[in-house]
1. Under a point-charge model restricted to the Cβ atoms of Lys and Arg (+1) and Asp and Glu (-1), what is the dipole moment magnitude of segment 4-102 relative to its Cα centre, in debye to the nearest 20?
2. Looking only at GluC sites (Glu not before Pro) in DSSP loops with at most 15 other Cβ atoms within 10 Å, what is the longest site-free stretch of the chain?
3. With springs only between Cα atoms under 10 Å apart, run a GNM on the chain and tell me which of Asp78, Asp32, Asp46 wobbles the most.
4. Grab the Cα-Cα distance for Glu14 and Leu109, subtract it from 0.36 nm times how many residues apart they are, and report the gain in nm with one decimal.
5. Using the Cβ atoms and a cut-off under 13 Å, what net charge is assigned to the surroundings of Arg43, where Lys and Arg are +1 and Asp and Glu are -1?
6. Of the residues Gly83, Gly114, Gly50, which exhibits the maximal mean-square fluctuation in a Gaussian network model of the chain defined by a 10 Å Cα contact cut-off?
Amino acid sequence: MGPAELIVLAFPQETITAEAARVLGTLRTAGDIRVVDSLVVARGADGEVGYTEVGEVEHLRGVAAAGGHDLPLIGPEDAREAGGLLEPGTVAVLVLIEHLWARAAEEALRAVGGRIVSGVRIPPERIEAALRAARQRGADG
């Protein structure tokens, strides 16, 4: 298996819409990643956090969950942690993905005694902010 990552995809409403489900469906068909496990986490307007399996949400069945696991890899502790990131009245899908694109690199590294030991996800907003700051510094001379 290649490197894996748990991603929290948040949405500004209390349930996953059919439109969001269609977008999530592209995760399974893009080919760069494999969805290993997934879970829906919601934080109600009252601040209470709850979670449910993706397969229990009708329009998400077969969209983001990979299936094939006897035991889920994303559990209640992950749901509570993700719920703490959400604003009241919002929902998220936790998605555990395998980076298929990195599998060949991992195999090549292992063949010469190397390995991937860490990775850090940098949110796009932070990269965009850094690029704006760098452009501004360049413009300021």
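1. With Lys and Arg at +1 and Asp and Glu at -1, about 320 debye.
2. 49-141
3. For the chain, modelled as a Gaussian network with Cα springs under 10 Å, the answer is Asp46.
4. Answer, rounded to one decimal: 29.9 nm.
5. Net charge around Arg43: -4.
6. Gly114
Every number here is computed from the coordinates shown, using simple stated rules; none is lab data. All figures in this text were calculated on a predicted structure; none of them were measured in a lab. Counting neighbours? That spans all protein chains shown, and the Cβs are built from the backbone with ideal geometry, glycine included.
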